[in-house]
Amino acid sequence: MDPKIIKLPCYGIEVILGSPDPENPGAYLSGSILSDLHDDVGPDDESYDAAIDAIESFIMSAACAGIDITTPAFIEAIETTVEAIGNNIG
């Protein structure tokens, strides 16, 4: 089965989901995430990078759990969180 690819309209976020979880319909066993968040958005700072790693992990784990990360509310939450990280770190 081909991986499921989800492209979000913010920060170049792309989530690649692997095999579906046979025991949990709608969920996936694995995934990976790509984004521009480390490259283009914030300061060159270890604390910022750690916070971005955490938000990327959250986005990926939500997608793997079967949460629809493409909803306007989820996109707004990502943007608000990244803005808060930028305002409070660096």
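Rule-based calculations on the coordinates, nothing more; no lab input. Just so you know, these numbers come straight off a predicted model, no measurement behind them. Positions of Cβ are generated from backbone atoms using ideal geometry, with glycine treated the same way; all protein chains shown enter the neighbour counts.
Data for the structure
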{"read-out": "MRE, 222 nm, helices only [DSSP H, n ≥ 4, -39500 (n - 2.57), over the chain, to nearest 500]", "value": "-13500 deg cm²/dmol"}
{"read-out": "Residues Val82, Val15, sorted so that the one with the fewest Cβ neighbours within 10 Å comes first", "value": "Val82, Val15"}
{"read-out": "Difference of contour (0.36 nm per residue) and Cα-Cα distance, Asp68 to Ile16", "value": "17.4 nm"}
{"read-out": "Distance in nm between pseudo-label sites at Ile5 and Ala77 (7 Å out along the Cβ direction from Cα)", "value": "2.6"}
{"read-out": "Nearest 10 degrees, 0 to 90: helix 46-64 Cα axis against the chain principal axis", "value": "20"}
{"read-out": "Asn87-Asn24 FRET efficiency (beta carbon distance; Förster radius 41 Å; 0.05 resolution)", "value": "0.65"}
{"read-out": "Derived scalar couplings ³J(HN,Hα) [segment 27-37; Karplus, 6.51 cos²θ - 1.76 cosθ + 1.60; whole Hz; x for Gly, Pro]", "value": "9, 10, 7, 7, x, 9, 9, 10, 6, 9, 4"}
{"read-out": "Proximal charge balance of Ser19 [Cβ under 15 Å; K/R count +1, D/E count -1]", "value": "-2"}
{"read-out": "Contact order relative to length of the chain, as percent, for alpha carbon pairs under 8 angstrom and 6 or more apart", "value": "27"}
{"read-out": "Net +/- balance of residues flanking Glu76 in space, Cβ distance below 15 Å, scoring K and R +1, D and E -1", "value": "-3"}
